[in-house]
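Following: one structure in structure tokens, then a few remarks.
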Amino acid sequence: MSFWFGPKYGAASGGVSWSEVKGLLVLVLALVCGLALGPLEVRASELLVYSPTLNLDGQNQASGPQGKIVFSVRSFSPVTSIELNGVPVSFRPSARLNLEVPYRLELGENRFFLKVTSAQGSETRSFSLYLPKPEEEPVGQGNLLSLYGSLGTVWEDNPERVNPGVWAKKPATKLQLVLLPVYTEPYGADQELLYSAVLIRERYFSDLMIVPELFFNQLALDWQQRLGGLTWSLGVGANEIADQATGVLELAEANRHIEAQQLVRGKLKWELSSQESLSAACELTKRNAALNLGPRYDYDGLTKTCDLGGDLAFDPYRVRVELGSVQNDSLGDLQDYGQTRFQLGWSAPWDKNWTLKGTLGRTGTRYLKYDPLKLAQENTTQTTLALGGNYQPPGAEYLWTLEGRQTNQSSNVDFLRYQQNRLSLSLVFHF
């Protein structure tokens, strides 16, 4: 095992840097946009030493014999020395450092000892990188079955999203279950086939709700391939939406079918660094709706969705920017509309177990024709503001998430204007 150190770790270089470019990009997009980001692992002490890509207290799987150890240091006083396996690391004295140290590995387990010293003390982290032999199957490869999910409760003051000047609001609480099983079948080191499903169940604890229970099911198949820092995927899938209605909407069947969908999708992701990336995605969805109010209101048709996204790092903050558009082309001409979406999100570690996060989003929807039932050519704008946090107990494979969210919708159609406040608490898990 060996590693070497370049002359400019932590130093500035000439010309226009990517940091300056991304800063300008976020400043411009933040005038219109929205977000959501994950936690960083940190340790509470006089010195904070953490890595966005490695477990600095255990074993890590190496993808090849060469790479870079990426880590950050935060201190109350300037750092005086950094050593990796007893070899000094070059840096500019500062209390905030972001470093990358190249390495070469030998086959098997490679041990590393990282020691950071400041005037107030020192911090030592011990970890390893495992490089498998060519005949060995890499750790984490093979046919893998994972289960992601969340179970939570949500309180809403206006669950039916009504204009209180037209109908009365009926506050209610619901139980929400989300399950996402994923089966990965690898083909070589850089290609894989993903079989996935999405199951969503929502149930309100109120007899006043016209639709107290909602079901969403999805099955999908995606092919994914990595080409250096570029990852692309193509997939197909099918969705079903159903509910359990009461009152005037109740049918003879226990569950009421609302809509079936078939979709084709593609995604391209470019890794700029271990913490930053750009992405583009498109999806074409064919809908078959059960409800039909007449030929001009037939909702069957095609929906085209395109999204651009960016994950950026401004240590310790993580920022996500999303831009999207939707074009809906239904058989009924009064159901055709265009939609634009903007979203800006951020997250930052509070301590070693807490992460704070927030989201600001804006969606504009404009229908293409005048609707005689609405007495207008609908033009609607929806703004969403969310604040919350994640708590992950030490060593746990799950986390708790708490979020408060407010949605305001303005429209030139009177009964479509509303405000909704919601508070949610969820347990997020992964097996």
Open item on the list: Consider segment 338-360. How many of its residues are closer than 30 Å to Lys304 by Cβ and surrounded by fewer than 17 Cβ atoms within 10 Å (Cβ to Cβ)?
Closed with: 2
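Going by the conditions given, is Arg296 in a helix (DSSP H, G or I) and either of a type in the set (D, E, K, R) or closer than 29 Å to Gly395 by Cβ (or both)?
Working: in a helix (DSSP H, G or I): yes; either of a type in the set (D, E, K, R) or closer than 29 Å to Gly395 by Cβ (or both): yes.
Answer is yes for this residue.
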- [ ] Could you list, in sequence order, all residues of segment 90-124 that are of a type in the set (Lys, Arg) and at pLDDT below 80?
- [x] Arg92, Arg96
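Scan segment 348-360 and give yes if some residue there is in a strand (DSSP E or B) and within 29 Å of Asn412 (Cβ to Cβ), otherwise no. Write out each step before concluding.
We begin by selecting, within segment 348-360, every residue in a strand (DSSP E or B); these are 348-349, 354-360.
Filter again for within 29 Å of Asn412 (Cβ to Cβ), leaving 359-360.
Checking segment 348-360: at least one residue is in a strand (DSSP E or B) and within 29 Å of Asn412 (Cβ to Cβ).
So that you can scan it fast, the table gives a plain yes or no per residue for (1) surrounded by 13 or more Cβ atoms within 10 Å (Cβ to Cβ); (2) touching a helix residue (DSSP H, G or I) at 6+ places or on another chain (Cβ under 9 Å); (3) closer than 26 Å to His430 by Cβ:
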site	(1), (2), (3)
Asp157	yes, no, no
Leu177	yes, no, yes
Pro181	yes, no, yes
Glu192	yes, no, yes
Ala197	yes, no, yes
Phe215	yes, no, yes
Asp222	yes, no, yes
Gly228	no, no, no
Ala238	yes, no, yes
- [ ] Answer yes or no as to whether Ser90 is touching a residue at least 60 places away in the same chain (Cβ under 8 Å) and polar (S, T, N, Q).
- [x] yes
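Give Leu144, Leu180 a once-over and let me know the one that is farther than 18 Å from Val211 by Cβ, modelled with pLDDT of 90 or more, of a type in the set (A, V, I, L, M, F, W, C) and touching a strand residue (DSSP E or B) at 6+ places or on another chain (Cβ under 7 Å). Spell out how you get there, then give the answer.
Details: Leu144 fails: modelled with pLDDT of 90 or more.
Only one candidate qualifies: Leu180.
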Task: Long-range neighbours under 8 Å by Cβ, at least six apart or interchain, first residue in the same structural domain as Ser411 (by TED's automatic domain parsing) and among the aliphatic types (A, V, I, L, M) within segment 353-366, second at pLDDT below 95 and not in a strand (DSSP E or B) - done: Leu356/Trp350; Leu360/Cys33; Leu360/Gly34; Leu360/Leu35
- [ ] Considering only segment 66-113, state which residues are in contact with a Gly (Cβ under 7 Å, 6 or more places away or on another chain) and of a type in the set (D, E, K, R).
- [x] Arg92
Task: Qualifying positions in segment 300-332 - more than 17 Å from Arg362 (Cα to Cα), surrounded by fewer than 16 Cβ atoms within 10 Å (Cβ to Cβ) and of a type in the set (Ser, Thr, Tyr) - done: Tyr317
Open item on the list: Out of the residues in segment 272-293 meeting the condition of being outside any loop (DSSP other than H, G, I, E, B), crowded, with 16+ Cβ neighbours inside 10 Å and out of contact with any Lys or Arg (no Cβ under 9 Å at 6 or more places or on another chain), tell me which one is modelled with the lowest pLDDT.
Closed with: Ala289
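Per-residue answers, yes or no, for (1) over 32 Å from the mean Cα position of the chain (by Cα); (2) outside any strand (DSSP E or B); (3) assigned by TED's automatic domain parsing to the domain that holds Ala313:
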{"position": "Val49", "(1), (2), (3)": "no, no, no"}
{"position": "Leu56", "(1), (2), (3)": "no, yes, no"}
{"position": "Glu83", "(1), (2), (3)": "yes, no, no"}
{"position": "Pro93", "(1), (2), (3)": "yes, yes, no"}
{"position": "Phe127", "(1), (2), (3)": "no, no, no"}
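The values are calculated or read from the model by the stated rules, or taken from the named source; none is laboratory data. Predicted model, so just to flag it, every value in this text is computed and none were measured. Neighbour counts are summed over all protein chains in view; Cβ atoms, including those assigned to glycine, are modelled from backbone coordinates with ideal geometry.
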